[in-house]
Each structure stands twice: as C-alpha cells, then as structure tokens.
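Structure first, then comments.
The values are calculated or read from the model by the stated rules, or taken from the named source; none is laboratory data. Nothing here was measured: the structure is a model prediction, and the numbers come from that model. Here the Cβ is made from the backbone with ideal geometry for all residues, glycine too, and neighbour counts use every protein chain on show.
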Amino acid sequence: MSESLTFSQLDLPEPILRAVTELGYETPSPIQAAAIPKLLAGEDLLGQAQTGTGKTAAFALPLLARLDPAQNEPQILVLAPTRELAIQVAEAFQAYARFMPTFHVLPLYGGQNYTTQLRSLKRGSQVIVGTPGRIMDHLDRGTLVLDKLRAIVLDEADEMLRMGFIDDVQTIMDATPPGRQVAMFSATMPSQIRAIAQKHLNNAQEIKIESKTSTVERITQRYVMLDGNQKLDALTRVLEGEEYDASIIFVRTKSATEEIAEKLGARGYAVACLNGDMNQANREQTIRRLKASQIDVIVATDVAARGLDVERISLVINYDIPYDSEAYVHRIGRTGRAGREGKAILFVSPRERRLLRTIEHATRQPIEKMSLPTGEVIEQRRIESFRETLANTIEAKNLSFFQDLINDWREKLETTDADLAAALLFMAQKDQPLNVASQFPEIREPHARGERPERGDRPARFERGDRPERSGDRPERGPRPPRRELQGNYINYRIEVGKEHGVRAGDIVGAIANEANIDSQFIGNIKLFDHFSTVELPGDMPTEVFQHLKKVYVRKQKLNISVDTGGPGPERADRPERYQRSGADRADRPERGTGPRPGAAPKKPRTREGS
Ligand code: AMP
C-alpha cells in the first residue's frame, strides 16, 4: 500500500479529484501512485499490472487531466481485448469525468450496430475505447479519424496478443500521429509485448509492483469464485455458515464500508464501519466496542484498519480483492493475533483470477477454493443456535410466571404442550426463520462469459494451433493441465461454409461463440472441407439457438447448420483440414472462468446485428 500518498497530492485537476472522492476512493493503489505522476508529466509508460490492481484509474485519471475539453475529436484511444472490458473502461472514464461538463466517451466493439456507432462518432467524443477489430473497421471506412489523438492506451496487451489482435494493434498504432503519448498495460511481459513497447514507446518508464514474499502462519486461507453481484449474498452466507468470534470485512471504498455495514445491520448483525473519514475518537470508540463484544463485525478499508490489533477477530473476509499481495498480508494479519488461529476468505471474480495466483505465489501458501454454505448448512446452524439459546434460558431464567401461563393456556385452548411449544417456536423464529434450506438457492460459480474476445465482424487473426501464447513466454501459468477430452453429449454439426469461401477455424469459433453464446472453449474440433465444414458442439443445444445459428453468415455464407449425418457426399473425398481443439488447449486459457459444464446447454442467443 502507498502509506502516505493521497489523491490530493497527485496534482489532479479539481473536477477529477472531486469525482474520485465521490466514488469513495481513499488512497491511490500502488499502481496508481506509480503511474499517475508519470502519465501526468506526459511520459510513455509500460506498466505490468493485472485486473484488480486499479490499473484503469491509473491511466484514465492522468490522461483525462491532460485532455482539452474544448476539442471534440478523439484525443484518447484505449484498445481493449474484449467488448466487456471496453465497456467497463468506458464506464470508468465516464465516472471519473462526471464533473467535466463537455466530456464524451464512446465504446466501439464488434457485434454492435454500425448505424448507432456512426451516429455517436459524428456527435464527437474525446475518448474512444474499442476492441481492435472494430477500431480497424472504422479506420478503414474513414469514420474514425485519429489526427488529433494525444494518447493511446493498450490495455491488457498480452490478452490482445493471445487473441490474435496484435497485427491490428500494430496497424492502429501506426495510424496514430507521431508524438502521441503511449501507455501500455499488460499482466505479463512476453517478448512480443516487449518488442511492441520498444518499437512504439518513447523512452518509456516501466513500472511493476513487486510482490514481496511474506508468509502468514496459523491462518487458514480460502477463496470463493463469484461475480460481483453475488458478493452480498455470499457475504451473508459466510457470516451465517462460518464459526467466528468477531469478523472484519475489507472493501475498497469508504462508500462500500457504509453501504455494507448498513445492509448487515438491517439483517441483525452488530456491525460498524471503519474508514478514513472517521476521526480518531470515533475510530477508537469503534475499536473499544469491538473489543467489548458490543460489535461483532467491522467493515473497513485497508487504510482505516492498518495496525488493528483485536484478539477476537477470527475471520477476515476480503470482500473486494486487495490491490496486491502486500495489502493481502496486512489484511489477513488482522486475525491470528496473540497466537490464536484465524481464517481468511477471499472473494474473487473470474477476471481477478490472475491476481489470486499472484497473491498465492507471494505468500507461498495455497489459498484453497471453498464453496459457500448451502441452505441446509445455514438451516442447521440456525436450529442449533436456537436450541442453545433455549437451553441457556431454561437453565438460567426463572420461568415460573410463564409456566403458569402455559398451564392455563393448555386448559383453555384444549391443546397439548407440544402444540403450544410448536406455536410459540413458530412465533419466536419469525425474525430469523428456521425452516430456510430451500430459500438459499445454490450460488453457482460464474462461468466464463464475459471473457470472450471480440470476434464480432472481423475474424480472429490466428489459426487454431498457432496461437501466439504457445511460442514460449508463458509466465505464471503453472504446469499444463492434463489433456481433457470433450465430455458430455457433443455431436458433429455441419455448416455450409468451407475452404473455398476462405473460411478459417477462428472465423467459425468466433461466429458460433458470439451468436450462440457458447464459450469458445466448449466448441469442439472443426474440420474444414472444400464446400462445407463440421464442428463439434453440445448436443443439447436449445432449438432456438440452433435455428438462430442457421441464419448466421460467415464469410458471406449462411451457415445453415444441420446435424452432420456423416454421409459421404462428394466433397467428403477431400482430406479435411482438421483443427484439433484439444481439452488441454482449451483448458489453459487464462482468466476465462471455468465455463459452463461441458455438455451444458448453451444460453439463448443474444440479438446482434451483422455477423
Ligand atoms: P481495475 O484493476 O482497474 O479493474 O479496478 C478494480 C476496481 O477497483 C474497480 O472497481 C475500481 O473502481 C476500484 N478502484 C480503483 N482504484 C481505486 C482506489 N484508489 N480506491 C478504491 N477503489 C479503487
């Protein structure tokens, strides 16, 4: 953590500072503290940073500060590998520029309607965030002009390389005016990325947040893989299902401390927040109440909880992932005090998977995957806890007044002790119902949607089998997983586009992944014949997806997909080009989540125009 630096020390203009404060950011993350001054000074930058480290603000804040608000042509271009990231980055720019009245940002990605994009482009935007394919299209059509560009950002450069966009990236870079500022961010630095940096960056400052190795003993560490919108539900389950004396929940912003504390309070927890807005007296009072068991749960930011030493804290929940391993070690060190045992749980989204591995690596300890307590577990815990309270009450309280009432009611109501007890129990548990197993549906691990490359209307630039990531530099990946065959019910489909139409396996994967909403790792082997091709897909594809795929065009050919009967047909005499999309090949893609179970039904197609 950057101990002393605050956002106000970073020389950011007032409107940007105000936006950051309103978002509840307390302090710059390490990558922000390192990158912002350099980018503000107009330098080129090569940053090694993963999702979750705060890299978006690291480039967005200083580049916004250098923007000319009076000029309505593109001044900043951000290239991102996926449409999801492009949208996310565009939203971040919008949030940071909310007090810049004339500001416009435009995301441009494949699969989106051209007419809408052209209309937005005509209106003018200072910042464009796009996927390489669609940006190339607009440059080719002359609908995007980069003459006034002041800065270009390559976000997740290694992902763009891995997805085969690097030629497009190079071409786009060449189309930008000389003298523009370049910022390049990449989680890993394979040699191809370094080569691009060398070619296009001018005297670049390189920043990397070193992860110091430090071990933490006596603390059991686990993680849960989930989407951001599942976190609150997961938190309440963890708090109900885990045993602890007191717990501290770490979030990133001041506003989140308040929001979550309020929600937990409404659910009956004795909770308080701890953030940088609180004065020393308030802070000390909260800690005193925690020590005295008047509060059991604290929701805190890193800065506010620094140095907190309360023996009762036996559970640390990392609701938002920490920026780096050092922050992680600080956080989990709030438990396991005075030689006690402690537990730490980390919430991780599929995109943050790499950061999880970095933390594991730096702490030299495995963080084990856990599943959230089920409805049955929560029900059992509530019942046990009720029974315990009941036993204590029977033992400790003088109940004679109530016994007399029961005797009286038994007679008057002509009922039994068992019925009376059941009715009273029913009334007593209303605030925290006991019969709840079915009210806690399973929280499913998110699958890999949201991490597909943009392949909308331009083919991916790689062929199966010669993916750039395979050529050496494969850092932080660990051993290759064993080769996995497609499981479940996969069958061969025939599509009416073949080698004579110039189709490549990448085109087919891209079209099917986008149109049928099937993660590309669950698209099986593809064989290209002269006039048609075959592709292995889940056999339980819903009819509407199948019907939709019939109408999709690839290389100007309607796919007209059908179940492959394997009939010889004249073309079968050709030797097909085979693209063995092996299990291992699919399984080792980074940061894609786990994907739907093989054989799981693909989701409904999303509607999009063009293909
Ligand atoms: P990124 O690594 O850019 O994807 O950012 C991850 C998340 O951290 C986003 O939700 C940001 O809003 C949040 N974030 C970035 N910088 C800060 C900061 N200095 N303080 C609090 N939250 C931040």
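The condition of being out of contact with any Pro (no Cβ under 7 Å at 6 or more places or on another chain) and acidic (Asp, Glu) does not hold for Glu240. Among the candidates Asp137, Asp147, Asp167, the residue that is charged (D, E, K, R), closer than 17 Å to Pro69 by Cα and out of contact with any strand residue (DSSP E or B) (no Cβ under 6 Å at 6 or more places or on another chain) is uniquely Asp147.
Ser247 meets the stated requirement of being over 21 Å from the mean Cα position of the chain (by Cα), outside any helix (DSSP H, G or I) and buried (at least 20 other Cβ atoms within 10 Å of the Cβ). For segment 277-334, the set of residues classified as among the charged types (D, E, K, R) and either outside the structural domain of Arg357 (by TED's automatic domain parsing) or within 16 Å of the ligand (Cβ to nearest atom) (or both) consists of Asp277, Asp302, Arg306, Asp320, Asp324, Glu326, Arg331, listed by residue number. Within segment 9-38, being among the polar types (S, T, N, Q), within 11 Å of the ligand (Cβ to nearest atom) and in a helix (DSSP H, G or I) holds for Thr21, Gln32. The condition of being of a type outside the set (Lys, Arg), outside the structural domain of Leu356 (by TED's automatic domain parsing) and crowded, with 22+ Cβ neighbours inside 10 Å holds for only one of Leu149, Leu144, Leu139, that being Leu144. Can we say Lys263 is within 16 Å of the ligand (Cβ to nearest atom), within 27 Å of Ile295 (Cβ to Cβ), among the basic types (Lys, Arg) and in contact (Cβ under 8 Å) with a residue 12 or more places away in the chain? The answer is no for Lys263.
Quick check: anything in segment 250-259 away from the ligand (no atom under 16 Å from the Cβ) and crowded, with 16+ Cβ neighbours inside 10 Å? No, that holds for no residue.
I'm checking my understanding of the structure. Among residues of segment 21-46 that are more than 12 Å from Ala58 (Cβ to Cβ) and in contact with a helix residue (DSSP H, G or I) (Cβ under 6 Å, 6 or more places away or on another chain), which one is surrounded by the most Cβ atoms within 10 Å (Cβ to Cβ)? The extreme case among them is Leu46. In summary, helices (runs of 4 or more DSSP H) completely within segment 370-454 and bearing 2 or more residues that are small (Gly, Ala, Ser) occur at 375-396, 417-428.
For segment 345-386, the tally of residues that are modelled with pLDDT of 95 or more and loosely packed, with under 11 Cβ neighbours inside 10 Å stands at 1. Can we say Thr358 is of a type in the set (S, T, N, Q) and within 16 Å of the ligand (Cβ to nearest atom)? The answer is yes for Thr358. Can you confirm whether segment 94-101 contains a residue that is touching a residue at least 60 places away in the same chain (Cβ under 8 Å), within 13 Å of the ligand (Cβ to nearest atom) and crowded, with 19+ Cβ neighbours inside 10 Å? Among the residues of segment 94-101, at least one is touching a residue at least 60 places away in the same chain (Cβ under 8 Å), within 13 Å of the ligand (Cβ to nearest atom) and crowded, with 19+ Cβ neighbours inside 10 Å, which makes the answer yes.
Considering only residues in segment 47-73 that are touching a helix residue (DSSP H, G or I) at 6+ places or on another chain (Cβ under 8 Å) and of a type in the set (Gly, Ala, Ser), the one that is farthest from the ligand (Cβ to nearest atom) turns out to be Ala65.
Within segment 319-340, the residues that satisfy the criterion of being under 15 Å from Thr215 (Cα atoms) and charged (D, E, K, R) are Asp324, Glu326, Arg331, Arg334, Arg337. Among the conditions (1) buried (at least 22 other Cβ atoms within 10 Å of the Cβ); (2) within 13 Å of the ligand (Cβ to nearest atom); (3) of a type in the set (Gly, Ala, Ser), Gly110 misses just one, which is (2).
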